[in-house]
Amino acid sequence: MGNSKKQNLLDAALTLFVAQGISETSTASIAKHAGVATGTLFHHFENKKVLVEALYLNLKQELVTSLQLSNAINSNEQALSVWRSAIKWGLDNPEKFSFFTIYYASPWLEVDFKQGVLNSVFYFLTEYIELQKQQGNFVALPTDFIAMHIQQSLINTVLYLSHEQANILDVEKLIDNSFNTCLFGLICRN
């Protein structure tokens, strides 16, 4: 039963953070929306920062699980497949995706925490970037910078499709071209 209360709190936080903003949402309103006492919230989450980070980590893990990766990404074809799946997840989960965009632009995001999630949950992305750099395919930029570039390109693609999908004749072609555009900025040209 404790896990369902914790999940209810995460779900309530997600809904309220997206509707009101992270800073504007009180822990009392999250508890009320989840149907639990405020003390229950603090039983599961030491403070609001811990709750925000737990929600971020939970959603990132859900996204990675949806990608159904069976092994490392060793080619651009595999990376494109992951790209397509991540965009599909973003389009299928607009509230969860909106939380990411809100969180990335907020003062609640701590670089060390985000870097830790990148290294632990998105290890396959950092491995892919490192492989591409070692093979001389990507420019010599810090791995976390390249990861941010890829992430922002993905976010832009999902946001664009969220608003314009009905007006686009070939959505799959746009998704593939957005991947190519993202990689174009990273390709090492000697």
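The values are calculated or read from the model by the stated rules, or taken from the named source; none is laboratory data. What you see is a predicted model; the values in this text were computed from it and never measured. Positions of Cβ are backbone-derived with ideal geometry, glycine not excepted, and every protein chain shown enters the neighbour counts. Note: areas computed on protein heavy atoms with side chains; ligands, DNA, RNA excluded. Shrake-Rupley method; radii C 1.70, N 1.55, O 1.52, S 1.80 Å.
So which residues in the range 83-118 are of a type in the set (S, T, Y), over 13 Å from L67 (Cβ atoms) and part of a helix (DSSP H, G or I), if there are any at all?
Within the range 83-118, S98, T101, Y103, Y104 meet the criteria.
Residues are listed down the side, and each one gets a yes or a no for (1) of a type in the set (K, R); (2) more than 22 Å from A12 (Cβ to Cβ); (3) over 14 Å from the mean Cα position of the chain (by Cα):
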{"position": "L69", "(1), (2), (3)": "no, yes, yes"}
{"position": "A79", "(1), (2), (3)": "no, yes, yes"}
{"position": "L109", "(1), (2), (3)": "no, no, no"}
{"position": "F113", "(1), (2), (3)": "no, no, no"}
{"position": "G116", "(1), (2), (3)": "no, yes, no"}
{"position": "V121", "(1), (2), (3)": "no, yes, no"}
{"position": "Y128", "(1), (2), (3)": "no, yes, yes"}
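Is it fair to say A13 is part of a loop (DSSP other than H, G, I, E, B) and either at negative phi or in contact (Cβ under 8 Å) with a residue 60 or more places away in the chain (or both)?
For A13, the condition - part of a loop (DSSP other than H, G, I, E, B) and either at negative phi or in contact (Cβ under 8 Å) with a residue 60 or more places away in the chain (or both) - is not met.
Return yes when Q132 is in a helix (DSSP H, G or I), under 15 Å from W83 (Cβ atoms), over 17 Å from the mean Cα position of the chain (by Cα) and not aliphatic (A, V, I, L, M) and no when it is not.
Spelling it out, Q132 is indeed in a helix (DSSP H, G or I), under 15 Å from W83 (Cβ atoms), over 17 Å from the mean Cα position of the chain (by Cα) and not aliphatic (A, V, I, L, M).
Would you check if S75 is closer than 24 Å to N180 by Cβ, surrounded by fewer than 16 Cβ atoms within 10 Å (Cβ to Cβ) and at pLDDT below 90?
Against the criterion (closer than 24 Å to N180 by Cβ, surrounded by fewer than 16 Cβ atoms within 10 Å (Cβ to Cβ) and at pLDDT below 90), S75 qualifies.
State whether the residues of the range 67-79 include one that is hydroxyl-bearing (S, T, Y) and part of a helix (DSSP H, G or I).
No: the range 67-79 contains no residue that is hydroxyl-bearing (S, T, Y) and part of a helix (DSSP H, G or I).
Name the single residue, out of those in the range 102-129 being among the β-branched types (V, I, T) and out of contact with any helix residue (DSSP H, G or I) (no Cβ under 6 Å at 6 or more places or on another chain), that is nearest to S81 (Cα to Cα).
I102
Restrict the check to the range 27-39 and report whether at least one residue is in contact (Cβ under 8 Å) with a residue 12 or more places away in the chain, closer than 21 Å to S120 by Cβ and open to solvent by 50 Å² or more (accessible area, probe 1.4 Å).
No, the range 27-39 contains no residue that is in contact (Cβ under 8 Å) with a residue 12 or more places away in the chain, closer than 21 Å to S120 by Cβ and open to solvent by 50 Å² or more (accessible area, probe 1.4 Å).
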